[in-house]
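Written below as structure tokens is the structure these notes are about.
The values are calculated or read from the model by the stated rules, or taken from the named source; none is laboratory data. Since the model is a prediction, treat every value here as computed from it, not as a measurement. Cβ: placed from backbone, ideal geometry, glycine included. Neighbour counts: every protein chain shown. Keep in mind that these areas ignore ligands, DNA and RNA; they rest on the heavy atoms of the full protein, side chains included. Shrake-Rupley method; radii C 1.70, N 1.55, O 1.52, S 1.80 Å.
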Amino acid sequence: RTETVAQKPTYGPNHKDLIYMCPFNAAVKGKVLITNYRLYFKSSDADVAVTLDVPLGAISRIEKMGGASSRGENSYGLDITCKDMRNLRFALKQEGHSRRDIFELLFRHAFPISHGLPLFAYVTQEKYEESGWDVYKPVEEFRRQGLPNNKWRISFINKGYELCDTYPTVLAVPYKSKEEDLRRVAAFRSRGRIPVLSWIHRENQAVIVRCSQPLVGMSGKRNKDDERYLDLIREANETTKLTIYDARPNVNAVANKATGGGYEGDEYQNAELIFLDIQNIHVMRESLKKLKDIVYPNVEESHWLSSLESTHWLEHVKLVLSGAIQVADKVSSGNSVVVHCSDGWDRTAQLTSLAMLMLDSHYRTLRGFEGLIEKEWISFGHKFASFPTAFEFNERLLLTILDHLYSCRFGTFLYNCESARDQHVRQLSKTVSLWALVNSKTDIYLNPFYTPESGRVLYPVASMRHLELWVTYYIRWNPRIRQQQQSPVEQRYKELLALRDEYLKKLEELQLSDSTPSTRLANSSTPNTSSSNSSTPSQQYTHLQTPF
């Protein structure tokens with residue numbers, strides 16, 4: 001098991017005077033243990049039960065608080081900023097550099113690459129029945145979509161990542177395009193990220209194509225090969241006008257010309273360009289920082305709505321959701337689309353993956369969703385509301401993915417693109433896939449209300465009046481919110497699943513009691529498939545356990 005073997009306790013002092021400045025319970029005395037995976041704190045006061053369990057990968061900054069001559073109670077210690085909306089403060093006694101050891105250990109193991117240490121994912125020894133590394137196979141996924149066909153072909157031109165070092169090796173491109181065409185188009189697209197197919201509509205053959213911005217520059221350069229290539233995409237299903245969705249605000253796209261980028265102008269005949277006004281990552285980060293300030297540690301309810309509005313977070317969410325709806329609607333009505341932002345690996349992936357979730361019910365299953373993340377985010381490179389019956393998985397899966405995006409416990413999200421992962425393939429082969437964990441205990445991630453269906457397009461309402469903050473993620477560290485939000489839902493899920501199993505068992509008993517003696521005799525000579533299918537298989541749980 002991971003931490004009993006791979007995770008070594010590196011620091012476990014019996015500091016009675018180590019204090020966690022808990023924003024919900026004031027100052028709490030306790031003990032801290034640091035391993036190469038996590039920081040664990042447990043209060044020593046029997047009246048105040050407080051525990052912290054923080055993967056070191058979730059730490060973004062560690063700062064010393066106060067100095068040896070600082071005055072005031074609990075003014076000397078450490079201030080830890082986390083990527084999961086938390087800030088943690090620990091106070092120690094001001095004697096003999098008492099925080100030096102804990103600071104140095106945290107700093108080394110929270111930022112291992114900077115200190116020449118292996119990432120925890122490389123030393124973990126978790127074992128699961130399924131590896132999880134093959135949940136997405138590009139050729140099989142394209143076959144599921146009905147490719148290749150007489151309009152689209154599978155290309156291996158990027159096998160050695162010569163065409164584009166941040167793209168996967170397997171690409172779907174227009175059937176009429178030649179390999180030399182692809183190379184010329186790559187020279188005119190930022191980072192060589194040419195337009196390639198992400199998804200095709202089985203009935204009307206309309207496609208979602210993703211790419212990066214064209215390298216137009218201030219002089220307004222043209223590239224006949226790029227223009228012809230986009231027309232091949234349009235011709236594939238005889239779309240009258242190819243719709244190009246540029247995720248950026250118009251003004252940003254114009255400004256990008258100064259750095260050699262830009263957008264598709266009037267020279268792209270039979271095409272229309274629509275800007276979706278989604279801000280860049282710097283604006284998003286600033287908005288998230290403002291959101292963090294109002295949700296942690298305390299929520300001021302008297303000014304909650306105005307405070308939330310001032311962060312502009314839901315406005316950004318609305319614009320992404322609205323853009324994805326436009327993409328899905330256009331494709332559903334038989335028109336092919338091209339989606340890009342600047343480099344095509346953050347806003348672009350948000351738009352394509354959300355549109356694909358709306359259009360294709362396969363991606364709303366547990367394994368389909370795993371494949372979608374592998375395909376649109378991990379494979380195509382990325383710097384790393386609810387439809388109650390449409391999704392096979394619940395929000396716990398989303399929380400698990402977000403938490404382990406930073407935890408460094410799994411190899412799934414290491415590195416920025418497929419080529420970088422291939423360079424470290426020997427090391428990565430020693431890591432565990434996040435999907436191995438998820439698929440080893442799927443029962444806790446399944447939505448009991450799920451109704452399988454196909455062919456229906458989901459159209460969420462992208463209106464500020466209907467959008468709500470994801471409380472169970474952004475405000476989950478508040479004890480009051482946790483009691484109100486998480487526990488009843490989790491309990492209800494368990495009750496419903498237990499009730500379902502009970503009804504299935506009763507139905508099986510009734511079917512057996514109704515069968516005639518001859519039927520029972522015939523059944524006894526063959527395996528009872530109904531019984532074997534309805535019984536719950538024993539699940540293999542691998543828990544992380546730290547020796548204290």
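Conditions (1) modelled with pLDDT of 95 or more; (2) outside the structural domain of residue 81 (by the TED database), marked per residue:
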site	(1), (2)
106	no, no
112	no, no
132	no, yes
187	yes, yes
ask   = In segment 454-512, what residues are farther than 30 Å from residue 306 by Cα, aromatic (Phe, Trp, Tyr) and either surrounded by fewer than 13 Cβ atoms within 10 Å (Cβ to Cβ) or at pLDDT 85 or above (or both)?
value = 503
message = Any residue in segment 417-446 that is closer than 16 Å to residue 395 by Cα sitting within a Cβ distance under 6 Å of a residue that is assigned to a helix (DSSP H, G or I) and basic (Lys, Arg)? List the pairs, counting only those 6 or more apart or interchain.
response = 445/396
inquiry  = Here's a check for you: in segment 120-149, which residue that is open to solvent by 20 Å² or more (accessible area, probe 1.4 Å) and of a type in the set (A, V, I, L, M) is farthest from residue 413 (Cα to Cα)?
reply    = 139
task = Look through 132, 57 and report the one residue that is within 24 Å of the chain's Cα centre (by Cα) and in a loop (DSSP other than H, G, I, E, B).
result = 132
remark   = Flagged in segment 211-244 as at pLDDT below 95, crowded, with 17+ Cβ neighbours inside 10 Å and either on the phi > 0 side of the Ramachandran plot or touching a strand residue (DSSP E or B) at 6+ places or on another chain (Cβ under 6 Å) (or both), in numbering order, are none
key: One residue from 77, 67 being assigned by the TED database to the domain that holds residue 39, more than 26 Å from residue 290 (Cβ to Cβ), surrounded by fewer than 17 Cβ atoms within 10 Å (Cβ to Cβ) and not charged (D, E, K, R)   = 67
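The rows are residues; the columns are (1) in the same structural domain as residue 257 (by the TED database); (2) of a type in the set (D, E, K, R); (3) out of contact with any helix residue (DSSP H, G or I) (no Cβ under 9 Å at 6 or more places or on another chain); (4) more than 14 Å from residue 344 (Cα to Cα).
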{"site": "173", "(1), (2), (3), (4)": "yes, no, no, yes"}
{"site": "191", "(1), (2), (3), (4)": "yes, yes, yes, no"}
{"site": "202", "(1), (2), (3), (4)": "yes, yes, yes, yes"}
{"site": "206", "(1), (2), (3), (4)": "yes, no, no, yes"}
{"site": "214", "(1), (2), (3), (4)": "yes, no, no, no"}
{"site": "220", "(1), (2), (3), (4)": "yes, no, no, yes"}
{"site": "223", "(1), (2), (3), (4)": "yes, no, no, yes"}
{"site": "226", "(1), (2), (3), (4)": "yes, yes, no, yes"}
{"site": "234", "(1), (2), (3), (4)": "yes, yes, yes, yes"}
inquiry  = Could you check segment 1-30 and list, in sequence order, the residues that are under 33 Å from the mean Cα position of the chain (by Cα), charged (D, E, K, R) and at pLDDT 55 or above?
reply    = 8
request  = Could you please give the count of residues in segment 427-447 that are open to solvent by less than 40 Å² (accessible area, probe 1.4 Å), over 30 Å from residue 87 (Cβ atoms) and assigned to a loop (DSSP other than H, G, I, E, B)?
outcome  = 3
request  = With the condition kept exactly as written, say whether any residue in segment 316-331 is open to solvent by less than 60 Å² (accessible area, probe 1.4 Å), within 30 Å of residue 88 (Cβ to Cβ) and assigned by the TED database to the domain that holds residue 190.
outcome  = yes
inquiry  = When you check residue 293 against the structure, is it among the acidic types (Asp, Glu), open to solvent by 30 Å² or more (accessible area, probe 1.4 Å), at pLDDT below 95 and part of a helix (DSSP H, G or I), yes or no?
reply    = yes
remark   = Reported set for segment 119-129 where residues are under 13 Å from residue 431 (Cα atoms) and of a type outside the set (A, V, I, L, M) is 120, 122, 124, 125, 126, 127, 128
request  = Give the residue that is farthest from residue 230 (Cα to Cα), with candidates limited to residues of segment 150-209 that are in contact with a Ser or Thr (Cβ under 6 Å, 6 or more places away or on another chain), open to solvent by less than 40 Å² (accessible area, probe 1.4 Å) and part of a loop (DSSP other than H, G, I, E, B).
outcome  = 161
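Which members of segment 332-352 meet the condition of being open to solvent by 30 Å² or more (accessible area, probe 1.4 Å) and either among the hydrophobic types (A, V, I, L, M, F, W, C) or farther than 23 Å from residue 281 by Cβ (or both)?
Let us first name the residues in segment 332-352 that are open to solvent by 30 Å² or more (accessible area, probe 1.4 Å), namely 332-333, 335, 343, 346, 350.
332, 333, 335 - these are the residues of segment 332-352 that are open to solvent by 30 Å² or more (accessible area, probe 1.4 Å) and either among the hydrophobic types (A, V, I, L, M, F, W, C) or farther than 23 Å from residue 281 by Cβ (or both).
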remark   = Within segment 236-292, residues being under 30 Å from residue 148 (Cβ atoms) and either in contact with a Gly (Cβ under 8 Å, 6 or more places away or on another chain) or among the hydrophobic types (A, V, I, L, M, F, W, C) (or both) number 10
ask   = Applying the selection to segment 410-426, what residues are crowded, with 19+ Cβ neighbours inside 10 Å and within 15 Å of the chain's Cα centre (by Cα)?
value = 410, 411, 412, 413, 417
key: Residues located in segment 158-210, provided they are at positive phi and either touching a Pro at 6+ places or on another chain (Cβ under 8 Å) or hydroxyl-bearing (Ser, Thr, Tyr) (or both)   = 161
request  = May I ask you to verify whether residue 98 is farther than 16 Å from residue 19 by Cβ, open to solvent by less than 60 Å² (accessible area, probe 1.4 Å) and among the small types (Gly, Ala, Ser)?
outcome  = no
